[in-house]
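To start, the structure under review is shown below, and the notes come after it.
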Amino acid sequence: LGWSACRACRTGSQRRPRRGRPRALDIAKQAGPQGFDLRTIGSAKRPDQEAALQGLAPVQSQIEIAKSDGFLRPLIEQLKIADDDDIAGGHTDMTRLLEKFRNRLEITRRGLTYVIAISFTSNRSERAAYYANAI
């Protein structure tokens, strides 16, 4: 294990706290006579952050829909995944095909943007691109 020291601490001067993070004293002042709920400490968001996260909810909804059985089942049938030995491995059961297809599929949002990244893993690059583009 390593450790590090702050130059300001060695000289005896006090370090300023990071902006945007509540200090313990600030939290204690906000507690009031009844105390405070420990579950809420650190969960407060600035209004602009809250608005940005609400704006990204449709993107997250699209990601969840694309991963759902209702979306993937017809796609697997249309793409004839049961005929692809690399994925199906001889299985024709739809539940098993969904599981195998979903294990190779990755759908994520890029940071706090509206960009959705879709990737598929296969032993053949042209098949991986074909399946990712089909989604």
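The values are calculated or read from the model by the stated rules, or taken from the named source; none is laboratory data. This structure is a prediction, so every number in the text was calculated from the model and none was measured. A quick note on method: Cβ atoms are made from the backbone with ideal geometry, for glycine too, and the neighbour counts reach across all protein chains shown. All accessible areas refer to the heavy atoms of the entire protein, side chains included, with ligands and DNA or RNA removed. Shrake-Rupley method; radii C 1.70, N 1.55, O 1.52, S 1.80 Å.
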Compute the Rg to Rh ratio over the range 60-108 from the alpha carbon atoms, using the Kirkwood formula for Rh, and round to two decimal places. 0.97
What do you reckon, how do Lys100, Lys80 stack up by accessible area (1.4 Å probe), largest on top? Lys80, Lys100
If I model a spin label as a point 7 Å beyond the Cα along the Cα-Cβ vector, how far apart are those points for Arg96 and Ala117 in nm? 3.3
Computed over the range 75-135, the distribution of all Cα-Cα distances in 5 Å bins, rounded to whole %, is 4, 18, 29, 24, 13, 7, 4, 1
